[in-house]
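Here the structure is laid out as structure tokens; the discussion comes afterwards.
The values are calculated or read from the model by the stated rules, or taken from the named source; none is laboratory data. Remember, it's a predicted structure, so these values are computed and weren't measured experimentally. Positions of Cβ are generated from backbone atoms using ideal geometry, with glycine treated the same way; all protein chains shown enter the neighbour counts.
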């Protein structure tokens with residue numbers, strides 16, 4: 001089969017029981033195989049899958065490798081032309097695979113795509129982690145068509161055009177397998193969070209494009225593995241964002257951008273301290289310690305990698321400044337083209 005739909009599961013039996021039947025139903029006649037890669041779950045996920053979905057291929061990993069390496073280990077075992085990385089907490093809709101795969105077939109320069117992603121709780125609204133396509137600003141802060149920082153828009157069809165984007169969300173990401181393997185897949189040191197943005201940045205540095213194809217819509221719960229208020233999730237986001245910048249920025253921008261970003265992170269930590277969110281303060285502090293510990297590793301990778309400077313789909317202003325000072329709340333209010 002041409003496409004592998006791969007769900008990375010970790011203690012997600014509640015989502016498998018809620019959403020997997022629709023994945024199976026709506027993937028029939030889509031020239032795809034459904035695979036669940038289990039990240040050493042300690043709930044009853046494996047027995048549930050064997051009993052209720054015996055037709056689904058299982059890849060059972062020996063420990064929890066996180067999102068990044070869990071997918072890497074699973075996808076190395078597959079030889080399909082396209083991979084769909086699908087979170088277990090995503091509700092898919094009819095004909096959700098072929099429109100995007102067909103788009104990638106006729107556009108060989110496109111390495112990854114994503115559908116329109118709406119909230120599973122509020123189906124009139126975009127979902128935080130992806131919406132209608134991801135972007136970053138000049139300091140590495142991610143945002144989306146349909147979501148600026150904490151502000152999520154109602155979907156009124158305003159982003160229903162196919163559009164080149166900077167990153168596709170790992171919640172539902174269609175990837176050309178040859179490119180995924182060429183670039184070494186997701187960075188295992190990230191463990192979880194920001195790894196798909198890093199991969200998309202590397203794809204763009206190698207001359208590939210990323211697209212949103214809103215002809216397909218899916219609904220995402222979000223926060224299924226780590227809740228949004230988790231201090232560990234906050235640490236991973238801060239740490240991995242710094243690693244991503246260090247890995248991918250050209251030398252002419254690297255240190256000036258990192259200095260500003262660290263000042264902004266310090267300001268965030270100070271706000272957490274003033275508001276008695278001590279676990280969040282520690283998360284920011286610890287993320288920077290972790291960043292410095294791996295500088296030598298990533299410095300070596302910078303010397304080995306090629307560096308095509310990427311400017312398209314990067315907002316050349318501060319999205320935080322525009323959100324707080326200029327009161328910009330919608331993607332359509334930003335200065336486009338960037």
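Determine whether residue 94 is out of contact with any strand residue (DSSP E or B) (no Cβ under 8 Å at 6 or more places or on another chain) and within 30 Å of residue 132 (Cβ to Cβ). If you could, list the steps in order and put the result at the bottom.
Values: out of contact with any strand residue (DSSP E or B) (no Cβ under 8 Å at 6 or more places or on another chain): yes; within 30 Å of residue 132 (Cβ to Cβ): yes.
Criteria met by residue 94.
Filter segment 247-259 for residues that are modelled with pLDDT of 95 or more and within 24 Å of the chain's Cα centre (by Cα) and give the result.
Passing the criteria: 257, 258.
Inspect segment 254-270 for any residue being surrounded by 11 or more Cβ atoms within 10 Å (Cβ to Cβ), assigned to a helix (DSSP H, G or I) and touching a strand residue (DSSP E or B) at 6+ places or on another chain (Cβ under 7 Å) and give the result as yes or no.
So far as segment 254-270 goes, no, none of its residues is surrounded by 11 or more Cβ atoms within 10 Å (Cβ to Cβ), assigned to a helix (DSSP H, G or I) and touching a strand residue (DSSP E or B) at 6+ places or on another chain (Cβ under 7 Å).
Could you tell me how many of the residues in segment 123-137 are touching a residue at least 60 places away in the same chain (Cβ under 8 Å) and surrounded by fewer than 17 Cβ atoms within 10 Å (Cβ to Cβ)?
Result for segment 123-137: 1.
Does any residue of segment 291-312 turn out to be touching a helix residue (DSSP H, G or I) at 6+ places or on another chain (Cβ under 7 Å) and modelled with pLDDT of 95 or more?
yes
Restricting to segment 143-178, give me the number of residues that are over 21 Å from residue 207 (Cα atoms) and in contact with a helix residue (DSSP H, G or I) (Cβ under 9 Å, 6 or more places away or on another chain). Steps first, please.
The first filter runs over segment 143-178 and keeps only residues over 21 Å from residue 207 (Cα atoms), leaving 143-161, 171-172.
Then drop every residue that is not in contact with a helix residue (DSSP H, G or I) (Cβ under 9 Å, 6 or more places away or on another chain), which leaves 143-151, 153, 158-159, 171.
Summing the residues that are over 21 Å from residue 207 (Cα atoms) and in contact with a helix residue (DSSP H, G or I) (Cβ under 9 Å, 6 or more places away or on another chain) in segment 143-178 gives 13.
Mind checking which pairs have a first residue in segment 93-121 that is touching a residue at least 40 places away in the same chain (Cβ under 8 Å) and on the phi > 0 side of the Ramachandran plot and a second that is surrounded by 15 or more Cβ atoms within 10 Å (Cβ to Cβ) and outside any strand (DSSP E or B), Cβ under 8 Å, 6 or more apart or different chains?
Taking only residues 6 or more apart or on different chains, the pairs are 95/26; 95/30.
Please name all residue pairs, on different chains or six or more residues apart, with Cβ atoms under 6 Å, provided the first residue is in segment 41-60 and is without any contact (Cβ under 8 Å) to a residue 24 or more places away in the chain and the second residue is surrounded by 14 or more Cβ atoms within 10 Å (Cβ to Cβ) and in a loop (DSSP other than H, G, I, E, B).
Nothing qualifies.
Would you point out which residue out of 291, 281 is out of contact with any strand residue (DSSP E or B) (no Cβ under 8 Å at 6 or more places or on another chain) and over 26 Å from residue 144 (Cβ atoms)?
Only one candidate qualifies: 281.
Identify the residue in segment 1-29 that is farther than 28 Å from residue 191 by Cβ and in contact with a strand residue (DSSP E or B) (Cβ under 7 Å, 6 or more places away or on another chain) and, among all such residues, is surrounded by the most Cβ atoms within 10 Å (Cβ to Cβ).
27
If residue 241 meets every condition in (1) in contact with a helix residue (DSSP H, G or I) (Cβ under 7 Å, 6 or more places away or on another chain); (2) surrounded by 20 or more Cβ atoms within 10 Å (Cβ to Cβ); (3) at pLDDT 95 or above; (4) closer than 29 Å to residue 328 by Cβ apart from one, which number is that one?
For residue 241, the failing item is (1).
Of the residues 291, 323, 338, which is surrounded by 15 or more Cβ atoms within 10 Å (Cβ to Cβ), part of a loop (DSSP other than H, G, I, E, B) and in contact (Cβ under 8 Å) with a residue 12 or more places away in the chain?
338
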